[in-house]
Every structure is written in C-alpha cells, then in structure tokens.
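S.K.: One structure follows; several queries about it will come next.
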Amino acid sequence: PRVELAWAMRAHQHAQIYFNLISSVDPKFLSLTKVDDRIYEEFRRTFRELRVDVLDPEELKSEAAK
C-alpha cells in the first residue's frame, strides 16, 4: 500500500506540473507532438462542421452527429 500511495502522489505531482505548463502557454503556440498538425488536418477532414470552441453535448448526441 505504501508503494502504491507514493506512486499515486508522484503521479499527481507530475500531472499538476504538466497541467501548469500547458495552461501557461497560448494554445496557438502549444505543440504536444511532432504530428499535431497532421492530426488536426485529419480531424478537420473527418469533422468539417464540428465547432470545437463550444461543444454542446445534445448536439453531439443528435442523429446528424452520429
């Protein structure tokens, strides 16, 4: 139990650090992987009309969205 607790505390500490780092950068300049642009292009090709600035859960559940 002590090892698991120590691991969980360490994981939480790392998560806080990474969250603080990504929260302090303007998303326009944030790059998490080398293929971010490719991932986004494919996402936009698949979900052309999806507004990502404001997500409405009911809209996502609609027949058109499915």
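S.K.: Looking at 56, 36, can you tell me which residue is surrounded by 10 or more Cβ atoms within 10 Å (Cβ to Cβ) and over 14 Å from the mean Cα position of the chain (by Cα)?
M.R.: 56
S.K.: Looking at the range 29-51, which of the residues that are β-branched (Val, Ile, Thr) and assigned to a helix (DSSP H, G or I) is farthest from residue 61 (Cα to Cα)?
M.R.: Looking at residues that are β-branched (Val, Ile, Thr) and assigned to a helix (DSSP H, G or I), I get 39.
S.K.: Residue 58 passes all but one of (1) assigned to a helix (DSSP H, G or I); (2) modelled with pLDDT of 90 or more; which number fails?
M.R.: Going through (1) assigned to a helix (DSSP H, G or I); (2) modelled with pLDDT of 90 or more one by one, residue 58 breaks only (2).
The values are calculated or read from the model by the stated rules, or taken from the named source; none is laboratory data. Nothing here was measured: the structure is a model prediction, and the numbers come from that model. As a convention, Cβ positions derive from the backbone with ideal geometry for all residues, glycine included, and neighbour counts pool all protein chains shown.
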